Amino acid sequence: MPLSREAIVEGLQRIVEPGDVVTDEQILVESSVDNFRKLQNIFNVHTMPVPAAVVMARSTEKVVELLRFADEHGVNVIPRTGATATEGGLESAVADSVIIDGSAMNEIVSIDAYNMQATCQCGVPLQVLEDRVRELGLTTGHSPQSKPVAHMGGLVATRSIGQFSTLYGGIEDMVVGLEAVFPGGQVTRIKNVPRRAAGPDIRHVVIGNEGALCFITEVTVKLFPYFPENNTFLGWTLKDMATGFAVLRDVMVNGYKPSVARVYDPGDAGLHFSHFAAEDDCVLLFMAEGAAGIAKATAEGIQAIVDKHPECTQVPSEYIETWFNDLCWDASKITAEDERIRQTRNVNRTTEISADWSSINDIYQAARARIIAEIPDITMMGGHSSHSYINGTNMYFNYFFNVVDVGPEEETSKYYLPIIGIICEETLKRGGSIVHHHGMGKARAPWVKDEYGSSYYVLETLKHAFDPNGIMNKGTIIPL
Amino acid sequence: MRFTVVMDGTSAGAADGTPAGAGEGTADRTADGPSGGIHRRAAALGAFLRDGLKSDSAGASRGAIDAQLAGDTLVFYSDERAKDRLVALAPTRDVRLVRIEARRPERMAALLSARAEGGQTDLFLFAGGPAGTELATRLACRSGGQALSEVLSAETAPDRLSCRRSIYSGHLTGRFELSARPWCVAVDPSWADAGGSETVAHTIVSAIDETGGGGPDPFEDRERMEAPSSEDLAGSSFVVVAGSGAGDRQGVRRIAAAAREMGATFGVTRPVAMNAWAPMDRLIGVSGARTAPALCIVAGASGAPAFFWGIERASLIVAVNTDEHAPIVGEADLVLLDDAVAVLEELAAIVAAEREKR
Amino acid sequence: MRILAYFKVTPDYEALRESEWSAAAGRVPSSGGGEGTSRGPSADGGAGPGRGEHAGPADGVDTRYVRRILDCFDESALEIALRLSDALVGRGRAAGLGALSIGAPGAEPHLKTLLALGFERAARVHTEAALDFAPAATAALIAAYAGRIDRSDLLVLGARSSPGGGGTVPFRVAEQLGWPCLTQVTEVEPLADGRLRVTLMGDDGLQRLTARTPCVLAVGNAVVSHLRVPTLTDRLAVRDRQPDVLEPADLGVDLADVLRREGPSLAALEGIDRHREGVLIAGDTPRAKAQALFDARLKSLLEEL
Ligand SMILES: Cc1cc2nc3c(=O)[nH]c(=O)nc-3n(C[C@H](O)[C@H](O)[C@H](O)COP(=O)(O)OP(=O)(O)OC[C@H]3O[C@@H](n4cnc5c(N)ncnc54)[C@H](O)[C@@H]3O)c2cc1C
Ligand SMILES: Cc1cc2nc3c(=O)[nH]c(=O)nc-3n(C[C@H](O)[C@H](O)[C@H](O)COP(=O)(O)OP(=O)(O)OC[C@H]3O[C@@H](n4cnc5c(N)ncnc54)[C@H](O)[C@@H]3O)c2cc1C
């Protein structure tokens, strides 16, 4: 017999301070969705099951008790920290879910400038950590656009990636150790070491689990010296994406590690660079950073490579630097964007995938063409590649559409999901991955078996082993 | 240099005089209704002459113009009863009266332009706000002179008038030079709160009646809305501002309630008004009101130049912000790093408890 | 009703860093006479490198590297004009809707967007000089276009621009056209008889009144602040339409002469010192901080007030 809402709330109140169990109706309703169905919050029309409570966890011990309680009574738990999720990871798929909010666990436990690592609780906003280590001349190297608002726990849970990934890597390259609590209340601490070969790397059971296996309470990430004075920006305009991908490949294959390496298609470039790029221009840009010699050699190497492509026209680096300085999304940009949507009903969505060099341009072209042909009311369909590797790159589809003739709550079914569907199909067809960095959430969970193929066995086994009662974030990664 | 102060005591044709309703966060200053604004704007002209206009003409040491004698005041009015109060505010000895049935900017500009033709007036000074800007601009267009609005201060030289005003939405101040005369200057609306000038003995040198000469009002069916104006903000000595850090409509309401509890006038930043979390008349900054309170508490605003312009003249600025790196932290006298709503509610409770005690 | 909406494309000043502003402070705009001080690709006659020079600015605010946006009050004005036009169409009073911008080709993409949104006419008056601080020249061009070329009878525009911000352009245009003018307009609704019901924030608060055309409506802090977005299909439908490009001479305006007489001229840029002490009031809880603030300063201050 599942517990009633009231019984769940009472149970939670026995574990934490009563004030830490939030049952305010508006807050609950707003917590039933994340950015995936953000129109429900923007227009205040809600259709998802309302969670029973949001409970603030203030220590690992409390998380242990909360998870034990949930596991015992089969209560669905949704871990949350910064609440910036974009793929439905925070959505309550079933009634009477409990959101365990770790944002109050916001202590920076230690910054070790000698061993170059910092430990913090899950609710530390990345921006806060970054500001603190910058005071010491260091950086985490992690800079997702949501840096001002996302927290360390969520960033690890989604396998997030930042703008400087080509140099520093994704979060998986930064996390050296962590602490997490599993459904039965089992606390796991993975120690902080430079490397280990003592069997499988179990960090990866936790990193990217999206709250579907465990609750991350603490993480330790690497630190790097910070030399902003050496930052060098380079930019070009060019006429087609194929060339852009080819240049990115050249740069990667030649062993250069710019922190930023991107190519924008004309639609996406139009949003950022219309003051110097023509309507049909793509924009290719790089940032080199690090110690003086490295930054200089990187910039020169890239310059030499692009110089071999006469179809690229160089632009003053100030354009790129100015753009770069205004890139992150803080709370006020998000509020302003919500207001823009409310007034215009013009919605901006993104879907990111990855693939090898041979396939990426085909995926981009095919998905783009199909979306324009098949989906109504599109106002912009474009994208960019922003994270490159030796064997391939990502494509960040960026698109806008007007929500016409349907209520805001139907935006996902009429527009967003069909577009995601096309992108996933075209990606899978060519052997790419349907998720580069936002997580599967609930939005892309329906494609999980196609994504994993025969390796789905491992995923499924992990889920059953660690969450036998299926209380962790139902519907996330693995669909209901 | 000779100047003419133009006082616009006409009302915009709405003969109703509906008092501005006291809405959310509106505290004082609405008692004397819309005409209160007319008087404040008129008084501002005296204050500007006294403190804002400097002369560097040869001989005289740099300093204030002899306001009483170097110019005259032209009073437009519609209502006999209101006239005397305006005349009392005139900063010059000589006063000229023009009666007109209601505000008719085009007609008034024509009358002023006729007056400018004599060439005796170098500088026409207008009140701040849209009405003053309109008259200054229309007069300059008609008389071949030059107009500048929202002037913070001015300095005369034999061949030009040098004025300062805010540009680039509060990011910079620009120094402008007016050459062709007459110089038609509308002062910055914030002068309305600089305190009036000393009383002057007046001589009415002329009084003309232009009623009926202006043709029909191009605009009809005027109706004053049941909404407060932002005038209370400009005159308030204690202002509480909610920025987007208030989080949502509810947060803004709670800060507004705390402000009311403390007897403060409530204002907001542009995003808060744009999100319709508070009415537009609560807006502070280059697009809204410019305040000059003794105390200003800024809760959850970053301190952007366009906003800060509106509180720059506060004697004491207290910032409540969760971000120690927010610009407002370096722009405030006192800083509380904490949640805007929580701190304001606590503060209101403390103020209320103190009031109980006494 | 023949509606003309005027808009300006400006650098995104909010994207400029504080250091840009402090660098600009103290600079003396080199040319008086109302020459604009904002320099950017729009001032050098073309978008894109290679076409304009990229030397550092000798004067003014260096906005070359920030993107271009619709000036915020003008964006409101465009959407308000569109909504008015929609309402008139709905009533069978088909309104011909036109858009005008002045300046370098930077406005071109926005004009095309407006065509896709159903504007019937879109024109740019080409000027090399930025007219940021030349309200008389701006007004002369708008008035000449509205009066001689477009023969519009309603002009809708933003109440002020972000660089200059004096709010005199609407009145100057009104003077030249001999039209009445309302500023700080927040809402416009058509009445059955062709007149307009206008809401505005005047000196004494919110007012509503009825206007006849011709007139100038200058939009202030309206709740409608964003322009709608055309679909790719809308864009395709007007793919072959180009905005008209006119020279000032085509309007009968001798721009050089107007600029020579333009005034006041901007003589210097000054920085604003916003710095204060920022003394931290410490405490463990919001309550403790509030109490500390109250004890330290507010108690005595509030007694005085
Ligand atoms: C404007 C914007 C820009 C963005 N830019 C980027 C970007 O550049 N790169 C990028 O990678 N992502 C980006 N994102 C996506 C998002 O910010 C990241 O996914 C981020 O990692 C989420 O962190 P959060 O703290 O907000 O987590 P939340 O939104 O709270 O949660 C995200 C997911 O992680 C789970 N979770 C949260 N906390 C825990 C925990 N303690 N233990 C276990 N599971 C947990 C949740 O259940 C959920 O499934 C962006 C989002 C927005 C809105
Ligand atoms: C032409 C033009 C005219 C403009 N005119 C005006 C104007 O008249 N008035 C005006 O205000 N703006 C105006 N602006 C906008 C202005 O530039 C800024 O964008 C605006 O002032 C920012 O408002 P804000 O401080 O509320 O929001 P933000 O800049 O988003 O700042 C929010 C602040 O709240 C803090 N915060 C977040 N959460 C909390 C919390 N829980 N508790 C405490 N603090 C928190 C954040 O740290 C941040 O500092 C204008 C802009 C333009 C272009």
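The values are calculated or read from the model by the stated rules, or taken from the named source; none is laboratory data. Only a predicted model underlies this, so the values are computations on that prediction, with no experimental measurement involved. Ideal geometry is used to build each Cβ from the backbone, glycine not excepted, and the neighbour counts take in all protein chains shown. Protein only, heavy atoms only, side chains kept; ligands, DNA and RNA dropped before computing areas. Shrake-Rupley method; radii C 1.70, N 1.55, O 1.52, S 1.80 Å.
Can you pull out every residue in segment A:86-134 that is open to solvent by 50 Å² or more (accessible area, probe 1.4 Å), closer than 30 Å to A:Thr23 by Cβ and away from ligand 2 (no atom under 16 Å from the Cβ)?
A:Ala95, A:Glu107
Tally up the residues in segment A:157-181 that are open to solvent by 10 Å² or more (accessible area, probe 1.4 Å), within 12 Å of ligand 1 (Cβ to nearest atom) and touching a Lys or Arg at 6+ places or on another chain (Cβ under 8 Å), please.
Here the count works out to 2.
List the pairs whose first member sits in segment A:95-112 and is over 21 Å from A:Gly211 (Cβ atoms), whose second member is part of a loop (DSSP other than H, G, I, E, B), and whose Cβ atoms are under 6 Å apart, counting only residues at least 6 apart or on separate chains?
Hits for this filter: A:Ile108/A:Val124.
Residues to consider are B:Ala314, B:Ala294; find the one that is within 17 Å of C:Gly278 (Cα to Cα), more than 10 Å from ligand 2 (Cβ to nearest atom) and more than 9 Å from every other protein chain (Cβ to nearest Cβ). Give the derivation first.
Working: B:Ala294 fails: more than 9 Å from every other protein chain (Cβ to nearest Cβ).
Every option except B:Ala314 fails the conditions.
Those residues that are in the same structural domain as A:Pro194 (by TED's automatic domain parsing), among the β-branched types (Val, Ile, Thr) and touching a helix residue (DSSP H, G or I) at 6+ places or on another chain (Cβ under 6 Å), I need them from segment A:205-255; list them, please.
Hits for segment A:205-255 are A:Ile207, A:Ile216, A:Thr217, A:Val219.
Rundown of residues vs (1) farther than 18 Å from A:Ala355 by Cα; (2) of a type in the set (S, T, N, Q); (3) away from every other protein chain (no Cβ under 14 Å), yes/no style:
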{"position": "A:Ala373", "(1), (2), (3)": "yes, no, no"}
{"position": "A:Met381", "(1), (2), (3)": "yes, no, no"}
{"position": "A:His384", "(1), (2), (3)": "no, no, yes"}
{"position": "A:Asn394", "(1), (2), (3)": "no, yes, yes"}
{"position": "A:Val404", "(1), (2), (3)": "yes, no, no"}
{"position": "A:Thr412", "(1), (2), (3)": "yes, yes, yes"}
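A quick yes/no check of all residues on (1) out of contact with any strand residue (DSSP E or B) (no Cβ under 9 Å at 6 or more places or on another chain); (2) among the acidic types (Asp, Glu); (3) within 30 Å of B:Arg224 (Cβ to Cβ):
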residue	(1), (2), (3)
C:Val216	no, no, yes
C:Val223	no, no, yes
C:Ala268	no, no, no
C:Glu277	no, yes, no
C:Gln291	yes, no, no
C:Glu304	yes, yes, no
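Tell me, which helices (runs of 4 or more DSSP H) wholly within segment A:368-480 include 2 or more residues that are crowded, with 22+ Cβ neighbours inside 10 Å?
On the way: elements: A:417-429, A:448-452, A:456-466.
Helices (runs of 4 or more DSSP H) meeting the threshold: A:417-429.
What pairs come out if I take residues in segment A:151-180 that are in contact (Cβ under 8 Å) with a residue 40 or more places away in the chain and pair them with residues that are within 16 Å of ligand 2 (Cβ to nearest atom) and assigned to a strand (DSSP E or B) whose C-beta lies under 6 Å away, six or more apart or interchain?
Within 6 Å, the pairs are A:His151/A:Pro125.
For segment B:203-225, indicate whether the set of residues that are touching a Leu at 6+ places or on another chain (Cβ under 8 Å), open to solvent by less than 50 Å² (accessible area, probe 1.4 Å), within 16 Å of ligand 2 (Cβ to nearest atom) and within 14 Å of chain C (Cβ to nearest Cβ) is non-empty.
There is no residue in segment B:203-225 that is touching a Leu at 6+ places or on another chain (Cβ under 8 Å), open to solvent by less than 50 Å² (accessible area, probe 1.4 Å), within 16 Å of ligand 2 (Cβ to nearest atom) and within 14 Å of chain C (Cβ to nearest Cβ).
When residues of segment A:191-237 are filtered for being under 26 Å from A:Met105 (Cα atoms), touching a residue at least 60 places away in the same chain (Cβ under 8 Å) and either in contact with a His (Cβ under 7 Å, 6 or more places away or on another chain) or not in a loop (DSSP other than H, G, I, E, B) (or both), how many remain?
Of the residues in that region, 10 qualify.
Across segment A:3-44, which residue is farthest from the chain's Cα centre (by Cα) among those that are closer than 23 Å to A:Thr476 by Cβ and open to solvent by 40 Å² or more (accessible area, probe 1.4 Å)?
Across segment A:3-44, the extreme among qualifying residues is A:Leu3.
Out of everything in segment B:238-252 that is in contact (Cβ under 8 Å) with a residue 12 or more places away in the chain and open to solvent by 30 Å² or more (accessible area, probe 1.4 Å), what residue ends up being farthest from ligand 1 (Cβ to nearest atom)?
B:Arg249
Considering (1) at pLDDT 95 or above; (2) crowded, with 23+ Cβ neighbours inside 10 Å; (3) more than 30 Å from A:Gln343 (Cα to Cα), say which one C:Ala81 fails and leave the rest.
Only one criterion is unmet by C:Ala81, namely (3).
Going by the structure shown, is B:Glu356 within 8 Å of another protein chain (Cβ to nearest Cβ), away from ligand 1 (no atom under 16 Å from the Cβ) and of a type outside the set (S, T, N, Q)?
Taking the combined requirement at face value, the residue does not satisfy it.
Condition first: more than 9 Å from ligand 2 (Cβ to nearest atom), of a type in the set (Asp, Glu) and under 23 Å from A:Ala104 (Cβ atoms). Now tell me which residues in segment B:327-353 satisfy that.
B:Glu345, B:Glu346, listed by residue number.
Could you go through segment A:74-85 and let me know if any residue there is under 22 Å from the mean Cα position of the chain (by Cα) and open to solvent by less than 10 Å² (accessible area, probe 1.4 Å).
Within segment A:74-85, one or more residues are under 22 Å from the mean Cα position of the chain (by Cα) and open to solvent by less than 10 Å² (accessible area, probe 1.4 Å).
With A:Gly211, A:Gly199, A:Gly184, A:Gly154 as the choices, which residue is open to solvent by 20 Å² or more (accessible area, probe 1.4 Å), within 11 Å of ligand 1 (Cβ to nearest atom) and away from every other protein chain (no Cβ under 14 Å)? Show your work before the answer.
Working: A:Gly211 fails: open to solvent by 20 Å² or more (accessible area, probe 1.4 Å); A:Gly199 fails: within 11 Å of ligand 1 (Cβ to nearest atom); A:Gly184 fails: within 11 Å of ligand 1 (Cβ to nearest atom).
After ruling out the rest, the residue left standing is A:Gly154.
How about segment C:90-104: which of its residues are surrounded by fewer than 19 Cβ atoms within 10 Å (Cβ to Cβ) and not basic (Lys, Arg)?
C:Gly90, C:Gly92, C:Ala94, C:Gly96
Listed here are the residues, each with its yes/no results for (1) farther than 29 Å from C:Met201 by Cβ; (2) open to solvent by 30 Å² or more (accessible area, probe 1.4 Å).
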position: B:Val75; (1), (2): no, no
position: B:Asp79; (1), (2): no, yes
position: B:Lys83; (1), (2): no, yes
position: B:Val95; (1), (2): yes, no
position: B:Glu101; (1), (2): no, yes
position: B:Leu111; (1), (2): no, yes
position: B:Glu117; (1), (2): yes, yes
position: B:Phe124; (1), (2): no, no
position: B:Gly128; (1), (2): no, no
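One line per residue, one yes/no per condition, for (1) over 30 Å from A:Ala104 (Cα atoms); (2) open to solvent by 30 Å² or more (accessible area, probe 1.4 Å):
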{"position": "B:Asp281", "(1), (2)": "yes, no"}
{"position": "B:Gly303", "(1), (2)": "no, no"}
{"position": "B:Val318", "(1), (2)": "no, no"}
{"position": "B:His325", "(1), (2)": "no, yes"}
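Could you pull out every one of the helices (runs of 4 or more DSSP H) wholly within segment A:249-334 that has 2 or more residues that are more than 20 Å from C:Arg67 (Cα to Cα)?
A:292-307
Could you list, ordered by first residue, the pairs with Cβ atoms under 8 Å in which the first is in segment B:255-284 and more than 8 Å from chain C (Cβ to nearest Cβ) and the second is open to solvent by less than 10 Å² (accessible area, probe 1.4 Å) and among the charged types (D, E, K, R), at least 6 apart or interchain?
Going by the 8 Å Cβ cut-off, the qualifying pairs are B:Thr265/B:Asp232; B:Phe266/B:Arg282; B:Gly267/B:Arg282; B:Val268/B:Arg282; B:Val272/B:Arg282.
Is it the case, given these coordinates, that A:Glu318 is under 13 Å from A:Leu238 (Cα atoms), in the same structural domain as A:Pro258 (by TED's automatic domain parsing) and among the acidic types (Asp, Glu)?
no
Take residues that are facing chain B (nearest Cβ under 9 Å) and either out of contact with any Phe, Trp or Tyr (no Cβ under 8 Å at 6 or more places or on another chain) or free of Cβ contacts under 8 Å to residues at least 60 places away in the same chain (or both) and tell me which of the strands (runs of 3 or more DSSP E) falling wholly in segment C:207-305 contain 3 or more.
C:265-270
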